[in-house]
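Read through the structure below, which is laid out as structure tokens, and then see the notes.
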Amino acid sequence: MIDFQNSTPKVDHEDKCSGKALYVSDIQMDGMLYAKTLRSTVAKAKIKNITLPELPEGYYVVDHHDILKENYVKMIFTDWPVFAKDRVNYIGEPILLVVGPDKALIDELLSKIKVDYELETPVFEFVNSAIHKTYVKGDFASALKNAAKIVEETYETGYQEQAYIEPQGMLAYPEGPKKITLIGSMQCPFYIKNAVMNSLGYGEDQVRVIQPAVGGAFGGKEEFPSTIGCQLATAVAKIQKPIKMIFEREEDILTTTKRHPSKIMMKAVIDKNNRIQGIQAHVSLDNGAYNGLSGVVLARAMIAVTAAYTVPNLDVSGDVYTTNTVPTGAFRGFGAPQMIFAAEMFIHHIAKELKVDPLEFRLKHLAKQGDLTSTCGTYRDPIIMPEMIEKAMAISDYKRKVEAYKAPNSFKGIGMSWFFHGCGFTGSGEANHIKARIKLVKDETDQVFVYIASADMGQGCRTTLKRIVAKTLNVPNDKVTFDYPDTDVVPDSGPTVASRTVMIVGGLLAKAAQSLKKQWVSGKPAEVIERYQQPDYIEWDEDHLHGDAYPAFSWGINVVEVEVSPITYQVSLKGTWSVYDVGKAIDERIVVGQADGGITQGLAYGYLEVMRHENGKIKQKNLTDYIIPTSVDVPPMETVLYENPFEYGPFGAKGVGELTLVGGAPAVALAIEQAIKRKINKIPATPESIMELLKHE
């Protein structure tokens, strides 16, 4: 619990009596108040007037008038308000907080607040571009002039909800007259710290952020907790008491960020030898009401346009469109799942159009070491996909099943996706924006302490990163301590996102541990600080999306077998087989756990998880309406890890977390496609959409 007698309060992350991890909802403080949010009930309007009820003693309203400096949440852009001021742009937009000691009375007060709106016409279509990006490779126009055949298709994907076990929540309290501490369910402590400093106008020593145990995130706790942090910090600055705000599940689903819906148009130029000479693509992403991280999500999607293949000529563009819907944001894969789905389906459909064997066609275009990437960087490291593909086909009996399921009424199918994922921040993000720092400290007892900002939200980094340090130092694991991050104590090693934690932060820890090992004297304290330095070969032009987008790539194969009911059109998964190149697995059990969870999310994205809005209001508002996989839906899984060490990763490790999701949707869609003998261009491929395809040729 929290020690309030200490002038520098700290969080113990385990209940000393039970040994249970403590989440933010478990933490109690003397005199603690609760906050709930008044939210917009309309998609677009001017706020004409707000009528408040009489507030009992000890109850408060906190809104934009209480912001001390900037009424926006500091992300990449400055368009996302902490509190709505004179207008609202989506259903669920926060207008104010009601704060007090009794939650029931807070609810009653919220019900009595009247907001007068002047309604405006909301926009739900892709018409208002907020961000536009383009890049080229080679000369697509020349390739087009020499085309023997042109194939064009459009692909669509929907929302996906992170569905973490623990909903969004935070506790903020005053730590002295002009210092605020925040404890919450998060991925990026320094994102929250910087956002709160910006809104309050506070200095670095006046805002402290502590991560307790976190019950899942998947990107959903990357940028969104900064909004809660700014709201609660504003409330604490006004009221000077501890305040907690924990979302109920429905509030969480209705109002927090989701995966961007997309529409991707692809045009391929084929020569007389049945080789793809060029691709022209346009990516459209639904931004929701505010930009958030959408520009980076768009870039990540565009960069993945050729997936695991090499195409010499590209003309790629994309737009993020503003709509009057809940803002979209970070989700495991960060734009790649949308594009990998489109790219994998497209190359299969091209092969069918050309009446050639899809496997041979894809192998002919598979990327090789030394090839240029989509953005004219270079694949410098060995690409071992051919042997990985052979292994995946062997363990899944792929070739036999492909032939067997060609029968017209089998209603069985098998699909195989090939994919990659760039490790770390796109382009110059690590070197120019994050500038990660880590610290190792050895005390006089030879205990080593890890000081980093990396958050463990269930993915196991507290185990993996400790192991990297312990193995490098050649000491037992229990001689290394890695506590949850506290921004008053740890340096900014960057956010826990972008498949960067093990490769980037772990790489820094390994270097620091090597330095510490050289100066190790038993019983003598020592300290090492390590800063990130970009490999010399990385060159990146952010404006033109040109050069080496990532220092390394992880690679993967997913094979999925399905059976579709000819009566209900329900899809049953019969098995999945996966092969991954993640460089080197530091802890194989953790990697396989990440793989099982990742492919499950990817498969569900492809055939199960449905989320739509109606006039701006999300229709699936709880985990009864929004269906995620249960143990009944998960088939037997087999996962094989190949070693292909990366020079700059700790012990050769590369990224894992996102890679294992991005191939699931196309694999299951291709399997369903074979089972129903119809092309699939839109996911999720639900029983309703399968029925449409079967009933309407």
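The values are calculated or read from the model by the stated rules, or taken from the named source; none is laboratory data. Since this is a predicted model, take the numbers as computed values, not measurements. Using ideal geometry, Cβ is built from the backbone for each residue, glycine included, and neighbour counts are taken over all protein chains shown. In case anyone asks, the SASA skips ligands and DNA or RNA and just uses the protein heavy atoms, side chains included. Shrake-Rupley method; radii C 1.70, N 1.55, O 1.52, S 1.80 Å.
Odds and ends about this structure:
- Residue within the stretch 234-246 that is hydrophobic (A, V, I, L, M, F, W, C), in contact with a Gly (Cβ under 9 Å, 6 or more places away or on another chain) and open to solvent by 20 Å² or more (accessible area, probe 1.4 Å) present: yes
- Flag if Glu251 is of a type in the set (D, E, K, R) and buried (at least 23 other Cβ atoms within 10 Å of the Cβ): no
- Close contacts from the stretch 559-579, counting a first residue that is at pLDDT below 95 and a second that is open to solvent by 20 Å² or more (accessible area, probe 1.4 Å), with Cβ to Cβ under 8 Å and a gap of 6+ residues or different chains, come to none at all.
- Within the span defined as the stretch 593-614, every residue fails to be on the phi > 0 side of the Ramachandran plot and out of contact with any helix residue (DSSP H, G or I) (no Cβ under 6 Å at 6 or more places or on another chain).
- Yes/no for Thr378 being under 26 Å from the mean Cα position of the chain (by Cα) and crowded, with 19+ Cβ neighbours inside 10 Å: no
- Screening the candidates Ile389, Ile395, Ile414 for the property of being surrounded by fewer than 21 Cβ atoms within 10 Å (Cβ to Cβ) and within 19 Å of Gly663 (Cβ to Cβ) yields one hit, Ile395.
- Counted residues, the stretch 51-71 - those being touching a residue at least 60 places away in the same chain (Cβ under 8 Å) and open to solvent by 50 Å² or more (accessible area, probe 1.4 Å): 6
- Test: residue in the stretch 669-683 that is of a type in the set (A, V, I, L, M, F, W, C), part of a helix (DSSP H, G or I) and under 23 Å from the mean Cα position of the chain (by Cα): yes
- Applying the condition of being out of contact with any helix residue (DSSP H, G or I) (no Cβ under 8 Å at 6 or more places or on another chain) and assigned to a helix (DSSP H, G or I) to the stretch 181-192 and asking which residue is most open to solvent (accessible area, probe 1.4 Å) yields Phe190.
- Lone qualifier among Thr630, Thr600 - being touching a Pro at 6+ places or on another chain (Cβ under 6 Å), closer than 22 Å to Gln160 by Cα and either part of a loop (DSSP other than H, G, I, E, B) or touching a residue at least 60 places away in the same chain (Cβ under 8 Å) (or both): Thr600
- For the stretch 635-665, the set of residues classified as part of a loop (DSSP other than H, G, I, E, B), under 22 Å from the mean Cα position of the chain (by Cα) and over 15 Å from Ile590 (Cα atoms) consists of Gly649, Gly663, listed by residue number.
- The residue that is surrounded by the fewest Cβ atoms within 10 Å (Cβ to Cβ), among those in the stretch 580-592 that are among the β-branched types (Val, Ile, Thr) and either assigned to a loop (DSSP other than H, G, I, E, B) or without any contact (Cβ under 8 Å) to a residue 12 or more places away in the chain (or both), is Ile586.
- Qualifying residue in the stretch 293-304 (condition: free of Cβ contacts under 8 Å to residues at least 60 places away in the same chain and open to solvent by less than 10 Å² (accessible area, probe 1.4 Å)): yes
- Residue count for the stretch 203-213, restricted to those that are farther than 25 Å from Val61 by Cα and open to solvent by 10 Å² or more (accessible area, probe 1.4 Å): 3
- The listed residue being charged (D, E, K, R) and under 30 Å from His349 (Cβ atoms), out of Lys145, Lys221, Lys178: Lys145
- Identity of the residue in the stretch 108-142, open to solvent by 70 Å² or more (accessible area, probe 1.4 Å) and among the acidic types (Asp, Glu), that ends up nearest to Ala237 (Cα to Cα): Glu108
- Failed item, numbered, when Met197 is tested on (1) open to solvent by 20 Å² or more (accessible area, probe 1.4 Å); (2) assigned to a loop (DSSP other than H, G, I, E, B): (2)
- Total residues in the stretch 424-483, condition among the charged types (D, E, K, R), assigned to a helix (DSSP H, G or I) and open to solvent by 10 Å² or more (accessible area, probe 1.4 Å): 6
- Where a residue in the stretch 234-249 is touching a residue at least 60 places away in the same chain (Cβ under 8 Å) and at negative phi and its partner, wherever it lies, is of a type in the set (Val, Ile, Thr) and assigned to a helix (DSSP H, G or I), with Cβ under 8 Å and at least six apart: Pro242/Val236; Ile243/Val236; Lys244/Val24; Met245/Ile228; Ile246/Val24; Phe247/Thr255
- Each residue in the stretch 684-697 was checked for being open to solvent by 40 Å² or more (accessible area, probe 1.4 Å) and outside any helix (DSSP H, G or I), and 2 pass.
- One residue stands out among those in the stretch 517-576 that are assigned to a loop (DSSP other than H, G, I, E, B) and touching a His at 6+ places or on another chain (Cβ under 9 Å): the one that is most open to solvent (accessible area, probe 1.4 Å), which is Glu539.
- Residues that are assigned to a helix (DSSP H, G or I) and out of contact with any helix residue (DSSP H, G or I) (no Cβ under 7 Å at 6 or more places or on another chain) were ranked within the stretch 229-248; the one that is farthest from Trp80 (Cα to Cα) is Ile239.
Conditions tested, residue by residue: (1) in contact with a Leu (Cβ under 8 Å, 6 or more places away or on another chain); (2) more than 19 Å from Ala299 (Cβ to Cβ).
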| position | (1), (2) |
| --- | --- |
| Pro495 | no, no |
| Met503 | no, yes |
| Gly506 | yes, yes |
| Gln514 | no, yes |
| Glu527 | yes, yes |
| Tyr537 | no, yes |
| His546 | no, no |
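- When Lys48 is tested against (1) in a loop (DSSP other than H, G, I, E, B); (2) open to solvent by 70 Å² or more (accessible area, probe 1.4 Å), just one condition goes unmet, and that condition is (1).
- Some residue of the stretch 83-90 being in a strand (DSSP E or B), of a type outside the set (A, V, I, L, M, F, W, C) and either more than 16 Å from Ile228 (Cβ to Cβ) or open to solvent by less than 70 Å² (accessible area, probe 1.4 Å) (or both): yes
- With respect to the conditions (1) open to solvent by less than 10 Å² (accessible area, probe 1.4 Å); (2) within 24 Å of Pro684 (Cβ to Cβ); (3) more than 25 Å from the chain's Cα centre (by Cα), Ala308 lacks only one, and its number is (3).
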